[in-house]
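Presented below is the structure to which this report refers.
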Amino acid sequence: MEAPQVTLSTIELIDVDLTLGAGAARVHVLKALSLTILQGETIGLVGPSGSGKSTLLMALAGLERPDSGIVRIGGRDLVQMDEDQLARFRGENIGVVFQSFQLIPTMTALENVAAPLELANRSDAFEVAAAELAAVGLGHRLRHYPRQLSGGEQQRVALARALAPDPLILAADEPTGNLDSETGAQIIELIFAQKARRGATLILATHDPALAARCDRVARLRSGRIEADEKQEA
């Protein structure tokens, strides 16, 4: 059997162990976990609360550093990078959408989306940010602050921010968890449409079976391990 072709956005986790907390609160979240995700795939991470799916997503995105093992993207091991290298790599290659939006309350929608581009010294940060907000249907809300936006609008801003650097990988952690069903469905359509338009790899941590069913593959986690990795029927 031929090995999967490794491309720039291929993600490989090999024997990843990760613990969170300290002392009596220390929890072994990921346990010798291995997973490969190929360029352009959409994979759903599912499992009960506490199974490790959100932590796995954060490890893939370079937001949690494993105790041991390898997290490799396009041949580069994130675990071996220092904080500056990791921040630069993540800023150029990985967009993250959180359940709780994580917008900066003192910044407008436009400023929130432009912020990561400004950190990357992009001279066109505000032009790109405006275009991304227009692409998610918020071209008329550029100057509004998060408190002036609905939950669905805030998640659209968060999606625009994640997509603004044109990342190879989009990681979404329960992106509809704080939204009503109708608004959540709209956000999911946006995420899948933007993923298809850009040819990005999409990784979704979700409790929603209907959302998982739309993915190419589903990895089922339990107690920090992958108990099944299933390719979906076309």
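The values are calculated or read from the model by the stated rules, or taken from the named source; none is laboratory data. Since the model is a prediction, treat every value here as computed from it, not as a measurement. Counting neighbours? That spans all protein chains shown, and the Cβs are built from the backbone with ideal geometry, glycine included. Surface areas here come from the heavy atoms of the whole protein model, side chains and all, with no ligands, DNA or RNA. Shrake-Rupley method; radii C 1.70, N 1.55, O 1.52, S 1.80 Å.
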Sort out for me the helices (runs of 4 or more DSSP H) sitting completely within segment 144-234 that have 1 or more residues that are among the basic types (Lys, Arg).
151-163, 181-198
Subset of segment 117-126 [touching a residue at least 24 places away in the same chain (Cβ under 8 Å), open to solvent by 50 Å² or more (accessible area, probe 1.4 Å) and touching an Asp or Glu at 6+ places or on another chain (Cβ under 9 Å)]:
ALA120
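Just for segment 134-143: of the residues that are outside any helix (DSSP H, G or I) and open to solvent by 10 Å² or more (accessible area, probe 1.4 Å), which one is farthest from ALA61 (Cα to Cα)? Walk me through how you get there before you give the answer.
The initial filter retains those residues of segment 134-143 that are outside any helix (DSSP H, G or I), namely 136-143.
Remaining after also requiring open to solvent by 10 Å² or more (accessible area, probe 1.4 Å): 137, 139-143.
On the way: GLY137: 26, GLY139: 28, HIS140: 31, ARG141: 29, LEU142: 27, ARG143: 29 Å.
Only one residue tops the list, namely HIS140.
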Considering only segment 209-232, I want to know if a residue exists there that is in contact with a Cys (Cβ under 8 Å, 6 or more places away or on another chain), crowded, with 18+ Cβ neighbours inside 10 Å and within 14 Å of LEU170 (Cβ to Cβ).
no
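Out of everything in segment 9-18 that is among the aliphatic types (A, V, I, L, M) and over 21 Å from ILE191 (Cβ atoms), what residue ends up being surrounded by the fewest Cβ atoms within 10 Å (Cβ to Cβ)?
Here the answer is ILE14.
Can GLU174 be described as open to solvent by 10 Å² or more (accessible area, probe 1.4 Å), touching a helix residue (DSSP H, G or I) at 6+ places or on another chain (Cβ under 9 Å) and more than 23 Å from ARG122 (Cβ to Cβ)?
yes
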For segment 7-48, what are the residues that are polar (S, T, N, Q) and touching a residue at least 40 places away in the same chain (Cβ under 8 Å)?
THR7, SER9, THR10, THR19, SER34, GLN39, THR42
Just give me the residues in segment 90-116 being part of a helix (DSSP H, G or I), open to solvent by less than 50 Å² (accessible area, probe 1.4 Å) and either farther than 17 Å from ILE169 by Cβ or in contact with a helix residue (DSSP H, G or I) (Cβ under 7 Å, 6 or more places away or on another chain) (or both), in sequence order.
GLY91, ALA109, LEU110, ASN112, VAL113, ALA114, ALA115, PRO116
Right, GLU64: closer than 30 Å to GLY151 by Cβ, assigned to a loop (DSSP other than H, G, I, E, B) and open to solvent by 10 Å² or more (accessible area, probe 1.4 Å) or not?
yes
If we keep only residues of segment 171-212 that are among the charged types (D, E, K, R) and without any contact (Cβ under 8 Å) to a residue 60 or more places away in the chain, then the residue nearest to LEU159 (Cα to Cα) is GLU189
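Hey, among the residues in segment 9-38 that are among the polar types (S, T, N, Q) and out of contact with any Leu (no Cβ under 7 Å at 6 or more places or on another chain), which one's farthest from ALA196 (Cα to Cα)?
Let us first name the residues in segment 9-38 that are among the polar types (S, T, N, Q), namely 9-10, 19, 34, 36.
Narrowing the set further to residues that are out of contact with any Leu (no Cβ under 7 Å at 6 or more places or on another chain) leaves 19, 36.
Details: THR19: 34, THR36: 20 Å.
Top of the filtered list is THR19.
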For segment 19-56, how many residues meet the condition of being open to solvent by 20 Å² or more (accessible area, probe 1.4 Å), in a strand (DSSP E or B) and either small (Gly, Ala, Ser) or out of contact with any strand residue (DSSP E or B) (no Cβ under 7 Å at 6 or more places or on another chain) (or both)?
2
Single unsatisfied condition, ARG197 versus (1) open to solvent by 30 Å² or more (accessible area, probe 1.4 Å); (2) more than 15 Å from THR42 (Cβ to Cβ):
(2)
Hey, among the residues in segment 67-89 that are open to solvent by 60 Å² or more (accessible area, probe 1.4 Å) and in contact with a strand residue (DSSP E or B) (Cβ under 6 Å, 6 or more places away or on another chain), which one's farthest from GLN232 (Cα to Cα)?
ASP67
